[in-house]
1. Would you list Thr240, Thr224, Thr180 from fewest to most Cβ contacts within 10 Å?
2. What nm distance separates the two modelled labels at Gln162 and Ser79, each placed 7 Å from Cα along Cα→Cβ?
3. So for the chain, averaging the separation of alpha carbon pairs under 8 Å that are six or more residues apart and normalising by length, what relative contact order in percent results?
4. What is the Cα centroid distance between the stretch 275-339 and the stretch 174-199, reported in whole angstrom?
5. Report for the stretch 52-278 the percent antiparallel among DSSP-assigned beta bridges with both residues inside it, nearest 5.
6. Measure nothing fancy, just the Cα-based angle from helix 290-308's long axis to the longest principal axis of the chain, in degrees from 0 to 90, nearest 10.
7. Could you calculate the contour length gain from Leu262 to Arg215, that is, 0.36 nm times the residue separation minus the distance between their Cα atoms, to one decimal place in nm?
8. If one takes the longest principal axis of the Cα atoms in the chain, at what angle in degrees, from 0 to 90 and to the nearest 10, does the Cα axis of helix 181-194 lie?
Amino acid sequence: MDDLGTALLLNPEMIMMGGGNPGRIPEAEALFRESLEGFLVDDRARHELLGQYQSPAGDLGFRKEMAAYLARQYGWPLSEHNIAVSNGSQSAFFILFNMFAGNMPDGSNRSIHLPLTPEYLGYADCGLSDEFFSATRPEIEWLEEDLFKYRVDFSRLNLDRQAGALCVSRPTNPTGNVLTDEEVNHLDELAKQREIPLIIDGAYGLPFPNILFARATPVWNENTILVLSLSKLGLPGVRTGIVIAREDIIAAYANANGIVNLACGNIGVSIATDLFRRDRMAELTGSLITPFYHQRAQQAVGAFRNAFGDVPFRIHKPEGAFFLWLWFEGLPLSCQELYERLKKRGVLVVPGHHCFFGLKEDWPHRHECIRVSYVQDQEKVRQGVAIIAEEVEKAYRGG
Ligand SMILES: Cc1ncc(COP(=O)(O)O)c(C=O)c1O
């Protein structure tokens, strides 16, 4: 994680295929600029933006707007009491995970269970106690050509008494996987049976930013905690996340948020409220964001296919988010060593083994994968792909 933050400072020429920054979409930036300019010229709006603390659950007007938007879109029975704001969804995960897992008041020790690993690296150090995550190894489904897909392996998924919540990102960072509706419904049933919540991280999903190239029905019910973010819309700098949950969970979350953050920032919720009111959210996601990333995903898959030649590579089917997850079966090096070699060549990727936290069993597969982001400047991505292909080929040749 440190490398992702410091690499550009140490080497400005570094080809950044490791980080989670969204791509730049000029038309989307124009929509954000219009909103901001509108606030700045209006005395009251400017004061509300810069001169006021909100309540720990977040701006009431936004929470009402968000509840109404989700009720219109999906028919979910929500009010402002089901919605809370966070300073980025990352901080919401920190609070929620530690509400449901760790050392509990009754003396038990609970874990957050990841029904499908690999999962989002940003969760890995969120726990305030040891053994915080547990995870189930997935089934691998072989698809056409060089593609594969991870599936939840329900035959291995054994929820012991320790699990305090289930958590999945959908679409998944790092793989671009999208859990099927059947998988999500099955997890929902299991969570209800065990009386633990199912946390769904929709940072890339529906209703926004909708970086989805596969069919997926968004899910919410009283046992689900859906966490959204404005970051992948193109607004990571405003640090805004949104929690949608049962009223008692929102109340507990808001109490904790008040302690950690006092209040959340206003800029993100103001822009989002303005987009809802001007009815521009659907245009932003459907006409700009989804096609931009879909095209980039296809270009990246094509570039790797051209570059790899005879190398025995596989790509997780890109169904959403903006990463390719590459698997080199039987790679003579670990993915960590490959990462080091690539870094020396000026290309930064994420070595996959970090994303298997919580998985107790040894599984060679975890050392055979890397995550590559394809959203940066296209010429840089092309150069990066060529270097990755050279290094992987060399490694298979024993070099
Ligand atoms: C799957 C996933 N969840 C959550 C986050 C946190 O995002 P933010 O704190 O910017 O909302 C990220 C960031 O990359 C992510 O990839």
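1. On the way: Thr240 28, Thr224 22, Thr180 18.
Placing the least packed residue first, the sequence is Thr180, Thr224, Thr240.
2. In this crude label model, Gln162 to Ser79 measures out at 4.0 nm.
3. On the way: 758 pairs, mean separation 91.9, N = 399.
Computed value for the chain: 23 percent relative contact order.
4. What the calculation gives is 23 Å, centre to centre.
5. Working: 14 of 28 bridges.
Here the antiparallel bridges make up roughly 50 percent for the stretch 52-278.
6. Taking the Cα atoms of the chain, the angle to 290-308 is about 10 degrees.
7. Numbers: separation 47, 0.36 × 47 = 16.92 nm, distance 3.85 nm.
Roughly 13.1 nm would be gained on extension.
8. Around 60 degrees separate the two axes.
Every number here is computed from the coordinates shown, using simple stated rules; none is lab data. Note that the structure is predicted; figures quoted are calculated from it, not measured. Quick reminder, even Gly has a Cβ in these numbers, built from the backbone with ideal geometry, and neighbours come from all protein chains shown.
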